[in-house]
1. At 7 Å along Cα-to-Cβ for each site, give me the label-to-label distance between Asn248 and Ala56 in nm.
2. Under the rule of -39500 (n - 2.57) per DSSP H run of 4 or more residues, summed and divided by the residues of the chain, what mean residue ellipticity at 222 nm is obtained, to the nearest 500 deg cm²/dmol?
3. Multiply the residue separation of Thr232 and Ala30 by 0.36 nm, subtract the distance between their alpha-carbon atoms, and state the gained length in nm to one decimal.
4. Applying 1/(1 + (r/R0)^6) with R0 = 51 Å to the Cβ-Cβ distance of Ala146 and Glu8, what FRET efficiency is obtained, to the nearest 0.05?
5. Going by how many other beta carbons lie within 10 Å of each one, how would you line up Thr239, Thr2, Thr152, fewest first?
6. If I model a spin label at Glu63 and Glu137 as a point 7 Å from the Cα along the Cα→Cβ vector, what separation in nanometres do I get?
7. Just order 202-212, 243-253 by mean Cβ neighbour count inside 10 Å, highest at the front, would you?
8. Using Cα-Cα distances under 8 Å and only pairs 6 or more residues apart, what relative contact order does the chain have, in percent?
Amino acid sequence: MTGIRIIEAILAGERNPHTLAALRDGRVKASADTIARSLVGDYRREHLFTLGQSLAAFRHYQELIGACDKEIEQYLEAFDSKVDPPEGSASQSQDGQKPSNGEPRFDLQSHLYRIFGVDLTLIPGINVLTTQTLLSEIGPDLSRFASAPAFTSWLGLCPDNRVSGGKVLSVKTRKVKNRAATALRMAAQALHRSQSYLGHFYRRMRAKLGAPKAITATAHKLARIIYHMVTTRHAYDETICVQNEVRNRECLEARLRKQARQLGFQLVAAS
């Protein structure tokens, strides 16, 4: 907003840097003096012409993006609704402007909620654009996949065990060109600072396996959660993940105690 105001004033003939700096939005952290110093220069005719051309091109592309948003919204309206989204569930951008995170101008979240029947954006790391990618690449129905392992296998997010003569040759994941898998990997990488269960899982896997394998493991977990939510229409509940983690820890502890007894040792909990 500040940039557009200043550019419009420059093209209108204003040259005083302090007058231009006064057009800054109140949310801009830089001071008026800092902005004024950056606006001191030689306003040559060819530079002003190029600036005007760039502004016209920017506005034209904004119109094209707006037309694309309307077309996408019309396609989404053609999908059957599995559930009615709650009123006021999605926040709208101010003054009808496009949100800064790249989301379209219309209420995309509500459309995705009614199409999938659940709000996938409640999952940490999954935003509206990630959900839109899943819809465009997979569709609203995951019943074609017999199970969550089949879904993660199609995405290429599970180990591709290669065995010959009873010997495991490789457990690497398959190399696939899948936009949905790429979106889930990006969502997993965005969890590096999250204080949720999935954020702790990603950091633990990263410390244990390294970043690339941790991203794949977390994307695999995200895919299983999404499959469960879409097929059962159950809302995301992090307490279930915590309970599973507790059960896994109890099983691991029981297995370690059994191995210790077989070797003649006794495990003692650290104080």
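1. In this crude spin-label approximation the distance works out to 5.9 nm.
2. Calculated mean residue ellipticity at 222 nm is -18500 deg cm²/dmol.
3. Here the segment from Thr232 to Ala30 would lengthen by 67.8 nm.
4. According to the calculation, E is roughly 0.30.
5. On the way: Thr239 8, Thr2 16, Thr152 24.
Least to most surrounded, the residues fall as Thr239, Thr2, Thr152.
6. 3.4
7. Ranked by mean Cβ neighbours within 10 Å, highest first: 202-212, 243-253.
8. Worked out over the chain, it gives 12 percent.
Coordinate-derived values only; no laboratory data. Remember, it's a predicted structure, so these values are computed and weren't measured experimentally. Positions of Cβ are backbone-derived with ideal geometry, glycine not excepted, and every protein chain shown enters the neighbour counts.
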